[in-house]
Amino acid sequence: MNGTGHIVEVLAPQLIVVLTGALVLVADLVLPRREGEYPGRTWLAAASVTGLIAAGVAAFMAPANTSLLGGTLAVDGLSRFFDLVFIGIGIAVIGLSVDSVHRFTPWVAEYYALVLWCTAGNMMVALATGLFSLAVFLQLTSLPLIALLGLAKNDPRAREAALKYLLVVLVSTSLLLWGLSLVFGATGTDDMRGIAMAAAGGTLPALGAAGLVFMLAGFAFKVTSVPFQFWAPDVYEGAPPAVTAFLSVGSKLAGFALVVRFLALSIDALDISLAVGALAVASMTLGNLGALKQHNIRRLLAYSGIAQAGYILVGVAASSVTGLSAVLFYLAAYAIANALAFTVVVSFVDATGLDEVGDLSGLARRNPLAAFALAGALMSLAGLPLTVGFMAKFYVFMSAAESGLYWLTLAAVINAVLAFAYYLRIVWTLYVSDEEHAHVSMTRRHALVMVVGALGVVVIGLFPAPLLDAAHRAVTALIAG
Amino acid sequence: MITAAHYTVLASGLFCIGLFGVLNARSALRVVVAVELMLNAVNLNLVAYAVTSGARPASALAFVLLLIVIAAAEVGLALALVVALSRRSDITAIDGYATLKG
Amino acid sequence: MSARDVLFYAYAALSIVCAVGIVRARRLVHAVVWLFATMVALAGIYLTLGSELMAGVQLFVYGGAVTVLALFALVLTRPVPELPARLSSASPWVAGASVLLLLATLITTTVDATELRAGVRPAPSTALVAAELFGRYVVLFEVAGLLLTVALVGAIIVARKDDAS
């Protein structure tokens, strides 16, 4: 039987992140404030980042391959992979918020605490092997985001974004839970492996299948894929840019974390290739067609995110070890590239207050590093060679072909080519412009995040093997175990 | 004999009424109220399965208790947001999405 | 038909009527009162399932706390002109028809489902539920506490944001 000490030891990374959030809130009370000045806010960010790094170290040291609390939680290669990814995302988001968060909200400490707690929720989603645990953890990924969206002061666009996100969370949560209850009724268990076994003999009752369809709505909301993608453009555009960055990466990856685990456990049992493939095609096409006509950079990245969710679903539809490893690789690549793109957007919006694509014209001369970073990120999202995005698309598309889904690979390739149009249009705007514009300054921290992100895009793009190996090992261990 | 199916039919009815309420809502508060109804349908299903067919009845009931707490937290935050927003403008009416395009 | 069956049908009819009242109510405050009535009827349903624990929690949390919270929100928001605009762009008839279709599908699936033919067994004792809550689900219990904290922090910063410096 597991003692409390054992639980604390195994869940140390999540616990550290949660406690750091609480610590930040308490520290906010004791740190000195002077009239209109709050020198402590940098310390709060530093404490948050330190806590995340400590959690990362703990994730490395935690005992691997443990199952906790009657098999409702599993700490394994997959959870460790996502731990590190989510910690990295948390650090990047705090790094790109630290210079601007006090401008859009007076609640700096609460902002960091909510980012940390949301990160903890994301990490926990990757642990859940039971639907009950999953439902509780998913709440911890969306509730802090509602508050984060709601804390922007005096900005009508942010207010409407918060309200819209809130309503979508409420509705998608109730659809997800309704589906969960039907699945539980049909199979008598909430354990993912148990459900997979119930489905294995081809005996998943119609009631359970109906439940899975309802649950899909909840997942689609998290990963912004069809049919629950419609909220993304409005919310991404209206929210404070740093929160959008967090939303576009953290929340989406949390959704895929649970998809990967559920699928890895039921890989031989459920034949979902056709259904997921159809969703993938719909997401890619809708996202890319929507992105083509956008002028606002944040709306464009929202549609791009819908299309990216579609590409990732191509790997999910392959439902093979190769497919799921490719999905993990793609997720890491997407996280780096999208976070990098949003870092530049945050930096640009901080400096100029503008967020139209046209405003970026000639950025290469106004701020070479930012232009280079944004170009790199967009080329990675587009999947051009020499970037990590190319390798990611290559692996995912190949895995679909390997599973015999040639139509899906073809649709994905057509979409990827279509997407060049809008990604490269921005790169063109950055580099080719005769207009004279003022220099755009940026802070050292933004520059640091950009350099790290750009290095990630290029270095992993050139040497993808270690990351792909890690992904492959995580998936095979899961399926064998 | 009353079986789990009876309870599921009842829960389906409540859920669908709630869903209709959401689709037909003209204000954010109405969405919250309708979602409450949907969540209650979920709880009814889970309790019914727990005491009829579930392998571990106590664990399903424990989960329902957690769900009730979570729903309360969610609704509390939702209502706070709606109240805060309504103090600044009239956008508790969903129609207020003037600046954001669909 | 046993007394329990009669009670089930009575409470079921009552809860459906009240639920319809929620969506039909013209004024929001009436909708909240109908919601309260639905919650109470559902507590009765839990009694027919032999689960006094759930009936009690249902009355306290949903019937008491949540409804009062909704009424508070109603009092604190300015009277909102309820415009004829809806969340979905579909007309109420289309929405109603698709929801009815969904209901029909759900009911036929439920009636066909052999795994739902079991009758009501004695509900597990409260002690057993507590053992699960603080044993298998202790982490979930802690996370639920964290969620309440998040909601509290969120509600405060959302509601008070203009007062702070």
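The values are calculated or read from the model by the stated rules, or taken from the named source; none is laboratory data. The shown structure was predicted, so the numbers you read here are calculated from the model rather than taken from an experiment. Ideal geometry is used to build each Cβ from the backbone, glycine not excepted, and the neighbour counts take in all protein chains shown. Side chains included, ligands, DNA and RNA excluded: accessible areas come from the protein's heavy atoms. Shrake-Rupley method; radii C 1.70, N 1.55, O 1.52, S 1.80 Å.
For chain A, the 222 nm mean residue ellipticity estimated from helices alone, with every DSSP H stretch of n ≥ 4 adding -39500 (n - 2.57) and the total spread over all residues, rounds to -25500 deg cm²/dmol.
Across chain A, the relative contact order, built from alpha-carbon pairs under 8 Å that are at least six residues apart, equals 14 percent.
Counting only Cα atoms, the stretch A:376-480 measures 57, 31, 18 Å along its principal axes, largest extent leading.
Ligands, DNA and RNA excluded, the heavy atoms of A:Glu237 present near 10 Å² of accessible surface to a 1.4 Å solvent probe. Overall shape: oblate for the stretch B:4-92, with the ratio a/c of the largest to smallest alpha carbon gyration tensor axis at 1.5 or above and b/c at least equal to a/b.
Only helices enter this figure: runs of n ≥ 4 DSSP H residues, each worth -39500 (n - 2.57), summed and divided by the residues of chain C, yield -22500 deg cm²/dmol at 222 nm to the nearest 500. Taking label positions 7 Å along the Cα-Cβ direction at both A:Arg444 and A:Leu31, the computed distance is 1.8 nm, reported to one decimal. Cα convex hull, the protein assembly as shown: 144 Å³ per residue, rounded to a whole number. Near the amide H of A:Leu73, within less than 5 Å, lie the amide hydrogens of A:Leu68, A:Thr129, all on another chain or at least 5 residues away, with H placed in the peptide plane. Fully extending the segment from A:Met398 to A:Arg365, taken as 0.36 nm per residue of separation minus the present Cα-Cα distance, adds 8.0 nm. In chain C, the alpha-carbon atoms span a convex hull of 191 Å³ per residue. For the pair A:Val8 and A:Ala278, the difference between a 0.36 nm per residue extended length and the Cα-Cα distance amounts to 93.0 nm.
For the stretch A:123-167, the fraction of alpha-carbon pairs lying more than 17 Å apart is 43 percent, rounded to a whole number. For the stretch C:101-118, 3J(HN,Hα) computed residue by residue from phi via the Karplus equation (6.51, -1.76, 1.60; θ = phi - 60°) reads 4, 4, 4, 4, 4, 4, 5, 5, 4, 5, 5, 6, 6, 5, 6, 10, 8, 6 Hz, glycine and proline entered as x.
Dipole orientation for the stretch B:4-92: of the candidates B:Leu65, B:Leu39, B:Val22, B:Val22 has the Cα lying most toward the positive pole (charges on Cβ; Lys, Arg +1; Asp, Glu -1). Accessible area buried by the pairing of C and B, both sides summed with a 1.4 Å probe, works out to roughly 7200 Å². Fully extending the segment from A:Met61 to A:Ala46, taken as 0.36 nm per residue of separation minus the present Cα-Cα distance, adds 3.1 nm.
Applying the criteria of a DSSP loop state and at most 16 other Cβ atoms within 10 Å to the trypsin sites (Lys or Arg not before Pro) of the stretch A:255-351 yields A:Lys293.
Label positions at C:Tyr9 and A:Leu424, each projected 7 Å from the Cα along the C-beta direction, are separated by 7.1 nm.
Charge tally around B:Phe63: other residues with Cβ under 9 Å, Lys/Arg +1 each, Asp/Glu -1 each, net -2.
So how far, in whole Å, is the C-alpha centre of the stretch A:250-299 from the one of the stretch B:2-36? Taking the Cα centre of each part, the stretch A:250-299 and the stretch B:2-36 sit 28 Å apart. For the stretch B:25-34, putting each phi into the Karplus relation 6.51 cos²θ - 1.76 cosθ + 1.60 with θ = phi - 60° gives couplings of 5, 10, 8, 4, 4, 5, 4, 4, 4, 5 Hz, in residue order, rounded to whole numbers and with x for Gly and Pro.
Put simply, when C:64-76, A:458-470 are sorted by average Cβ atoms within 10 angstrom per residue, most first, you get C:64-76, A:458-470.
Close amide H contacts of A:Leu384 (hydrogens built in the peptide plane, cut-off under 5 Å, sequence separation of 5 or more or a different chain): A:Phe390. Look at the dipole of chain A built from charges on Cβ: of A:Ile94, A:Gly21, A:Val321, the Cα furthest out on the positive end belongs to A:Ile94. Charge dipole of chain C (Cα centre as origin; +1 on each Lys and Arg Cβ, -1 on each Asp and Glu Cβ, all else neutral): 400 debye, rounded to the nearest 20.
Note on the protein assembly as shown: with charges restricted to the Cβ of Lys and Arg (+1) and Asp and Glu (-1), its dipole about the Cα centre is near 740 debye.
Start at zero, step by 5 Å, and the Cα-Cα distances of the stretch A:272-481 spread as 1, 8, 16, 19, 18, 15, 10, 7, 4, 2, 0, 0, 0 percent across the bins. Label point 7 Å out from A:Leu354 along Cα-to-Cβ: which residues of the stretch A:408-452 have amide N under 14 Å? Label zone hits: A:429-431, A:433-441. Rg and Dmax of the stretch C:124-165, based on Cα coordinates, read 16.4, 53 Å. Distances between placed amide hydrogens fall under 5 Å for A:Asn296 paired with A:Val357, all partners being 5 or more residues away or on another chain. The GluC sites (Glu not before Pro) of the stretch A:369-453 that DSSP puts in a loop, and whose beta carbon has at most 16 other beta carbons within 10 Å, are A:Glu435, A:Glu436. A simple rule links phi to the HN-Hα coupling: the Karplus curve 6.51 cos²θ - 1.76 cosθ + 1.60 with θ = phi - 60°, which for the stretch A:290-304 gives x, 5, 4, 9, 8, 10, 8, 5, 6, 5, 4, 5, 5, 5, 4 Hz, with x for Gly and Pro.
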